[in-house]
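K.L.:
Handing you a structure now.
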Amino acid sequence: SASVAGIAKVLCVYALPLTFTNVWLVLYTWLQHTDVDVPHYDDEDWNWVKGAFLTIDRPYWGILDFLHHRIGSTHVAHHVNHTIPHYHAEKATKALKEAFPHLYLYDPTPVHKAPWRVLTKCL
């Protein structure tokens, strides 16, 4: 508790890691589901297949992509079939790109530049 360890230690050990993790997860999720290329369908045009493809794969840095089991660079496959294990996600993504080139979305913007691009162009 802060009364025993001090407020600075509680902030360093608990509050800062918690805040960092939550900010990262929200940013990561936001980038997977928001982009200027994501179409908006009305009731007549929307269907489940199109809905599953309304996510974006992005290039994440090598180690970061690996540590997250490539969920950022294979996220579209996750939405098409959430039971695909992470170790088959790259193969599934390749198959989706080939089978549905008109629906598959990929944004090559580097992940450190993507938040600003999405923030300024998706309003």
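K.L.:
Restricting to segment 81-123, name every residue that is surrounded by 14 or more Cβ atoms within 10 Å (Cβ to Cβ) and of a type in the set (A, V, I, L, M).
P.N.:
Ile84, Ala89, Ala92, Leu96, Leu103, Leu105, Val111, Ala114, Val118
K.L.:
Give segment 66-80 a look and list any residue that's open to solvent by 20 Å² or more (accessible area, probe 1.4 Å) and more than 19 Å from Glu98 (Cβ to Cβ), or say none.
P.N.:
Phe66, Leu67, His68, His69, Ile71
K.L.:
Looking at segment 15-61, which of the residues that are surrounded by 14 or more Cβ atoms within 10 Å (Cβ to Cβ) and aromatic (Phe, Trp, Tyr) is nearest to Cys122 (Cα to Cα)?
P.N.:
Here the answer is Trp30.
The values are calculated or read from the model by the stated rules, or taken from the named source; none is laboratory data. This is a predicted model, so every value here is computed, not measured. All Cβ positions, glycine included, derive from the backbone under ideal geometry; neighbour counts span all protein chains shown. In case anyone asks, the SASA skips ligands and DNA or RNA and just uses the protein heavy atoms, side chains included. Shrake-Rupley method; radii C 1.70, N 1.55, O 1.52, S 1.80 Å.
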